[in-house]
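See structure below.
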Amino acid sequence: MKRREFLLTSGAAAGALGLGGFGFAQGAQELTIQPASFALRDQVTTGMVSLSPDAPPPVLYGKQGEVMRLPVRNTLPDYTAMHWHGMRIANKMDGVPYLTQMPMGQGELFTYEFTPPDAGTYWYHPHCMTMEQMAHGLTGVMVITEPEDIGFDSEQVVNLRDFRLDEDGAFLPAYTQRGAARAGTFGNVQTANWKQGPVYDHAAGSLVRLRVVNTDTTRIYKLHLDGGAARIIAWDGHPVEIDIPMPSADEPLLVGPGQRVDIAVVMPGSEGRSVALMAKLPGQPLKAMASLRAIGSSARRDLQDLRPLPLNPVARPDLDNAELHEFVFGWTPEGGEPNNGFCGSLGYNFWSINRTPWPGDAAEGVGPLATLELGKSYVLRLRNESPNLHPIHLHGLAFVPLRSNLRKLPSLMTDTMLLLKDEVVEIALVADNPGDWAFHCHVIEHQKTGLTGFIRVV
Ligand code: C2O
Ligand code: CU
Ligand code: CU
């Protein structure tokens, strides 16, 4: 069977056939998806996937409003496609197999080219062979800088993710049937930038922009900061316009898979003191995922020295004229075996959106969950009918959480909404980016066993 025979009914994918259309980018270095080895613990773990043979996927930097060219080359025998999580870019650059492009076979190149409309913290990961390639390491952070200087002295990216390893450092299976049907399968080695509890030096008394990204396939991290004055300045890429109380050990911040938080940190004034990003992991004492250690003499900076982050140009929904669409997330009534269109299937379906499990990548005759009119405002009611938590992610658009039946929601701009047990949340958006946008749970075992669909904007 040919990859093209797997095309969805959508006409949207027709323009995205082939190898990218831009050819080799001038001056842009190829990002080569390849096997890697790395000492995640004492022993070297082989069979990892990265963009170099012996290091984590690098932080990719771009500037708001400036074109980025990212030629991605696949050298693995498995298919792949790269997705830029949270970026409101053209649909054909979104990296979703069959929906926006064909999966890339071994040796193939796809040049992604887009202009980030928003500044902030984003990330990238494959959207084909997602479970295997993410679990083996292929998750990286993207930083899109503001055109103006906010006033930080330095910044620190922290990519949080787990690996599932045996005693010898070899990979255990990334998923289990039991996990996929419940909260997901958890890793047993927690890392920050592929290291356990790394310590990063920053000038004493200086202002550091800490960018924390949860790129794990499963874990909802419960985080707080220990030591140093700090303020949450952005959430899921977008500046927060309200005061969010700093989380504490008793009331940690829940950061689900796919979510990001930017924190402005004042480093301790005296050399050697640290600020630690702490996590509460089930059945374990509090653990420092990463630490910032003060060096040199105090710069005596203050949070007041920072200029506010400029707001991203995201349209505000017109709630008085917004049409309502409902989505129910739950178990699947009939289960069944999903289709496998070269992008990896776990072999069973447990989950559904609106009681229909995603039939698998490239299944024929699959339509959108909803069709939205370009430029109009919508309210989406998201109902979690299950006892498990689901970080629900929408591609290509940003939305505002409005209300929940369980809690008061801070007014934020986001692309990933963490739904609690039995929670019903309403979110609102302006459908201002045309295309077929994937809409799925970011617990990859849920995504790959039915909790996936797409929303069409025309
Ligand atoms: Cu972060 Cu559909 O993905
Ligand atoms: Cu995404
Ligand atoms: Cu889920």
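See the values below:
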{"quantity": "Highest to lowest packing among 85-94, 274-283, scored as the average C-beta count within 10 Å", "calculated": "85-94, 274-283"}
{"quantity": "Mean-position separation - Cα centroids, the range 227-299 and the range 416-458, in angstrom", "calculated": "28 Å"}
{"quantity": "Relative packing of peptides 378-385, 207-214, 451-458 - highest average C-beta neighbours within 10 Å first", "calculated": "207-214, 451-458, 378-385"}
{"quantity": "Residue-normalised accessible area of the range 154-305, given per residue in Å² at a 1.4 Å probe", "calculated": "40 Å²"}
{"quantity": "Burial ranking of peptide ranges 42-53, 240-251, 65-76, 154-165 (average Cβ count within 10 Å, highest at the top)", "calculated": "154-165, 65-76, 42-53, 240-251"}
{"quantity": "Equivalent ellipsoid, the chain (semi-axes from 5 times Cα gyration tensor eigenvalues, Å)", "calculated": "32, 25, 23"}
{"quantity": "Pairs of alpha carbons in the range 10-145 whose separation is greater than 27 Å (percent)", "calculated": "17 percent"}
{"quantity": "Share of pairwise Cα separations in the range 77-216, more than 18 Å, in percent", "calculated": "65 percent"}
{"quantity": "Estimated Rh, the range 154-305: Kirkwood, alpha-carbon pairs, angstrom", "calculated": "16.3 Å"}
{"quantity": "Taking the chain and dividing mean pair separation by its residue count, relative contact order in percent (alpha carbons under 8 Å, at least six apart)", "calculated": "15 percent"}
{"quantity": "Listed residues Leu389, Phe454, Pro239: farthest to the positive end of the dipole of the chain (Cβ charges)", "calculated": "Leu389"}
{"quantity": "Stretch gain in nm, segment Glu373-Ser248, where the contour uses 0.36 nm per residue and the Cα spacing is subtracted", "calculated": "40.8 nm"}
{"quantity": "Rounded accessible area per residue of the range 319-457, 1.4 Å, Å²", "calculated": "35 Å²"}
{"quantity": "Over 27 Å [Cα-Cα, the range 237-376], rounded percent", "calculated": "56 percent"}
{"quantity": "Under 18 Å between alpha carbons - lysine pairs in the chain that sit 8 or more apart or on different chains", "calculated": "6"}
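The values are calculated or read from the model by the stated rules, or taken from the named source; none is laboratory data. Values in this document were obtained by computation on a predicted structure and should not be read as measured data. In this analysis, Cβ positions are derived from the backbone assuming ideal geometry, glycine residues included, and neighbour counts consider all displayed protein chains. These accessible areas exclude ligands, DNA and RNA; they are computed on the full protein's heavy atoms, side chains included. Shrake-Rupley method; radii C 1.70, N 1.55, O 1.52, S 1.80 Å.
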